[in-house]
Amino acid sequence: MAIIKEGSASSRRPEDEKLSIGANIAYGLQHVLTMYGGIVAVPLIVGQAAGLSPGDVGLLVTASLFAGGLATILQTLGLPFFGSRLPLVQGVSFSGVATMVAISGNGGIPSILGAVIAASLIGLLITPVFSRITRFFPPLVTGIVITTIGLTLMPVAAFWAMGGNNTSPDFGSPANIQLAATTLAIVLLLSKLGSASVSRLSILLALVIGTGIAYAAGMTDFSQVANGPLFALPAIFHFGYPTFEIAAIVSMLIVIIVTLVETSADILAVGEIVETKVDSRRLGDGLRADMLSSILAPVFGSFTQSAFAQNVGLVAVTGVKSRYVVATGGVFLVVLGLLPVMGRVVAAVPSSVLGGAGIVLFGTVAASGIRTLSKVDYHNNMNLIIVATSIGFGMIPIASPGFYEHFPTWVATIFHSGISSAALMAIVLNLLFNHFKTGNADQQSVFVAGTERTIRYKDIVRLRDGDYFLNGKLYDEKGIEIPMIPEGAH
């Protein structure tokens, strides 16, 4: 019998794999390029809505990069009671954009920062509740959530592929879409090559090659890279000390609850992809890291932090499960937050190039969810209708973004995200049909019965011991063929 010693390669968790420095740098940079557009989008939108000057908007962007890097390092490497120690990239949560824009109209940036700090502190206090719900996240629920994450991100990929700026004259132009298609083709071509290292770096290489093609075609501009300071420390409370307003805090608390749900789903999703155990303790550590990062981020001028779903897709695409790779990406984000010139270089990557790569990334997330759902038992239960209803419910805000605009603000805040909509519906229906079984019918749902082979009981009772089928014919125990009456005959 083989004996496995503690700490040996056989007992090591997949996420604890240590790669070379070069591999960490390459794969870590790939993670940064994948999420860079998303992490800068929130400060750009909020800063412009708050009426900040371009210089102050730039400081918001820099602060978000710096805070996201620190949050990523905390989540991946961890401290006692903080950090899931999984390959999760952290950054500014997009789920709070609408709420923060509304708050900025009344109290400006200081009111947003105060609301984020107060609501995140409350979120930190309630994380023990969320950390004990892992048993309510079976493959049925996690598969629904992972699939929905991928599907809800596809409009982002399409928006990037069209140019990423709907006010630009060339938005949606054939040139932008052709650039995205070229980048997609490069990803697929590099993925097909025999070299495992090239295949794993296909996203990064495609982004570099795509940007080079864009530069040669005059579709990107690096002239602004030299404008501005090379090095800048994050300013502490540059926008003023936070102010605490009850209405703003309540609104932001709803965002925090949604963030906790989404982060729980992301932690469980990446655990499924990495094929490692995620128990209630580990989930709680991850959520606490989320909330602690969100409490500290406003000090530097940033907002709520959460895991980035697109980077979960990157883990699935590359198969690189090491948390140290993502921690290296966190270091890159910190450096970008300290070196604005580096941020300007990365910002020069055209949105169309990101869109081409995003199609593969986000599609892979959905495919991973479908693979998880294939493990679910659909026999004589309501699991199929749970999947159908939950994914359909999650697609409503994607198919019709204005669906909830006439509902109360708290309803719109919770359900405007397809991810949180699908997650909440999946959890509720799983509880209703699979945990609280009182009132459940003994027979299959009509939806399930139509998807499986069925046979009538009255036909089974006519069979005798020893009867058997061979090559589509029925024989008795003596090998004598038993005639079968065709359907509809008398």
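The values are calculated or read from the model by the stated rules, or taken from the named source; none is laboratory data. Please read these numbers as outputs of a predicted model, since none were measured by experiment. Using ideal geometry, Cβ is built from the backbone for each residue, glycine included, and neighbour counts are taken over all protein chains shown. Side chains included, ligands, DNA and RNA excluded: accessible areas come from the protein's heavy atoms. Shrake-Rupley method; radii C 1.70, N 1.55, O 1.52, S 1.80 Å.
Given Cα pairs under 8 Å that are at least 6 residues apart, what percent is the relative contact order of the range 177-312?
Relative CO of the range 177-312 lands at 20 percent.
Share of the chain's accessible area from carbon and sulfur, percent, 1.4 Å?
Carbon and sulfur together cover 65 percent of it.
What's the longest bit of the chain with no exposed GluC sites (Glu not before Pro), using DSSP loop states and at most 12 other Cβ atoms within 10 Å as the test?
In the chain, the maximal stretch lacking such sites is 7-274.
Quick one, which of [x] 19; [y] 9; [z] 29 is the actual percent of Cα pairs over 45 Å apart calculated for this model?
[x]
Determine, for each peptide in 175-181, 229-235, 357-363, 84-90, the mean count of other beta carbons within 10 angstrom over its residues, then list the peptides with the highest first.
Sorting 175-181, 229-235, 357-363, 84-90 by mean packing, highest first, produces 84-90, 357-363, 175-181, 229-235.
What full-extension length gain, to one decimal in nm, is calculated for ASN471 and ARG371 as 0.36 nm per residue of separation minus the Cα-Cα distance?
Answer, rounded to one decimal: 32.7 nm.
Sort 461-470, 213-222 for me by packing, meaning the mean count of neighbouring Cβ atoms within 10 Å per residue, highest on top.
Ranked from most to least packed, the peptides come out as 213-222, 461-470.
State the extension gain, in nm to one decimal, for the chain segment bounded by VAL345 and LEU193, taking 0.36 nm per residue of separation less the distance between their alpha-carbons.
Value of the extension gain: 51.8 nm.
Under the √(5λ) rule applied to the eigenvalues of the Cα gyration tensor, what semi-axes describe the equivalent ellipsoid of the range 224-341? Give them in Å, descending.
Over the Cα atoms of the range 224-341, the ellipsoid semi-axes are 28, 24, 11 Å.
Once fully extended, how much extra length lies between PHE407 and ASN106, figured as 0.36 nm per residue of separation less the alpha-carbon to alpha-carbon distance?
Taking 0.36 nm per residue and subtracting the Cα distance, the gain is 106.3 nm.
Check GLY163: other-chain or 5+ apart residues with amide H under 5 Å from its amide H, H built from backbone geometry?
Under 5 Å from the amide H of GLY163 lie the amide H atoms of GLY172, SER352, each far enough along the sequence or on another chain.
If a helix is a whole DSSP H run, which ones in the chain reach 24 Å or further along their own axis (Cα) and hold a mean Kyte-Doolittle hydropathy of at least 1.0?
Going by DSSP H runs, the hits are 21-49, 54-77, 97-130, 139-161, 174-192, 246-274, 351-373.
Placing +1 at every Lys and Arg Cβ and -1 at every Asp and Glu Cβ, with all other atoms neutral, what dipole size does the range 290-434 have around its Cα centre, in debye to the nearest 20?
The dipole magnitude comes to about 360 debye.
At a probe radius of 1.4 Å, what is the per-residue accessible area of ARG281, in Å² to the nearest 10?
That residue has around 130 Å² of solvent-accessible surface.
Under the rule of -39500 (n - 2.57) per DSSP H run of 4 or more residues, summed and divided by the residues of the chain, what mean residue ellipticity at 222 nm is obtained, to the nearest 500 deg cm²/dmol?
-20500 deg cm²/dmol, from helical runs alone.
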